[in-house]
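Each remark here refers to the structure printed beneath this line.
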Amino acid sequence: MSQRMMKAAVLAGPKQIEVKQVPVPALKPGEIEIKVSACGVCGSDVHMWKSGKGWAEQNGDFWMGHEFCGVVTNPGDSRFKVGDRVTFWANLYCGTCDMCRAGQEQLCREVNGTNYIGFVCNGAYAQYFVGKASNAYLLPDTVSDVAAGLIDPLMVAYHAVRKSGIRLHDKVLVVGSGIIGQMIGELAKKAGASYVAMSKVSDVKTRRAREIGIFDDYFDGNDPQREKLLKEASHGGFDLAFEAVGASSSLAACVDGVRPGGRIVMIGNSIDPEVSFAMNRAVLQEMELIGSVSCTRKEFEETIDLIATGMMEPEKYVTEVLPLEGLQHAFERQTDPGDPMVKFVVRP
Ligand SMILES: [Zn+2]
Ligand SMILES: [Zn+2]
């Protein structure tokens, strides 16, 4: 039997994507095969793109892609049927440890919250994807392929906003101008925030957010008067701040922005293993620091529902939809600080 082949956008070296023919992965028990319809290009792919390798030792070609949907072409031994539209939750989990049994799959002891499809194994920057049926979810017709390519950042924003314990009329500061920060601002408004502001370092990246009109105000994170301006605008400090960058300067902006007893939710993935911050200010003002990663399995389903019901329309964040051959270009733009892009989606 001749092997089936497909196109994949292989990571060929540092900052180098090469579209080439590779074998379609073989189906193992418990897995399904889909023809990929769309795959979002994520900021966290950029680190692998720069280094030219994935997170795990890999023999042979590696390709990324973890924000995707497609049509089932082989349901294997699963409950799915050929032709079903599905999306995958990229968060791998064991399903049997204490965290998984408590419905906290994002904290699974076995995979330690860092093992995702497209990071430790091949992803969906390819024509076909084969993966665990237990990570696949049916997509309602009201969720378009492109919108499904944005479920991943939306689930991160949704989990963070829920973890924040936001209440009606809270004043909210978002530090960071990426897609997750923008979605957090939108969700916070929808959850009843009275005033939502963004602290950013570049105006370019806020262009789309300004067009959409989510934020009430924008602050320059580099302004030496930052603390004074944030406190004045929020009449004494924000109830909640979201750190969506992953750097000591942005965590410091959160500390500057919140009121005594305020809460800081940290979502940013820091490249540095250690980030310093003014601990004593957090202690003396009884600030609460909360980490937030991915979401629970239940929240993943709810995220699909946010789009299906029309509460969130993530397509408005999409800068451009590109073919697989455009992925290299997408990463070049994504790493250009002068580019106003917010989100790219690839359709293989
Ligand atoms: Zn992502
Ligand atoms: Zn587990």
Within segment 177-217, track down each residue that is more than 16 Å from Glu313 (Cα to Cα) and out of contact with any strand residue (DSSP E or B) (no Cβ under 9 Å at 6 or more places or on another chain). Gly178, Gly192, Ser202, Val204, Lys205, Arg207
Which of the residues spanning segment 212-226 are under 18 Å from Ile180 (Cβ atoms) and either of a type in the set (D, E, K, R) or surrounded by fewer than 18 Cβ atoms within 10 Å (Cβ to Cβ) (or both)? Ile212, Tyr218
Across segment 59-111, which residue is nearest to ligand 2 (Cβ to nearest atom) among those that are of a type in the set (Ser, Thr, Tyr) and either within 27 Å of Val146 (Cβ to Cβ) or touching a Pro at 6+ places or on another chain (Cβ under 8 Å) (or both)? Tyr93
Go over the candidates Gly176, Gly192 one by one and state the one that is touching a residue at least 24 places away in the same chain (Cβ under 8 Å), touching a Ser or Thr at 6+ places or on another chain (Cβ under 8 Å) and on the phi > 0 side of the Ramachandran plot. Gly176
Wholly within segment 1-108, strands (runs of 3 or more DSSP E) carrying at least 1 residues that are under 19 Å from Phe300 (Cα atoms) and within 16 Å of ligand 1 (Cβ to nearest atom): 31-41, 67-74, 85-88
Report the residue count in segment 248-283 for those that are surrounded by 15 or more Cβ atoms within 10 Å (Cβ to Cβ) and without any contact (Cβ under 8 Å) to a residue 12 or more places away in the chain. 0
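Read the figures in this text as sums done on the coordinates, not as results from a lab. Just so you know, these numbers come straight off a predicted model, no measurement behind them. Neighbour counts run over all protein chains shown; Cβ positions are idealised from the backbone, glycine included.
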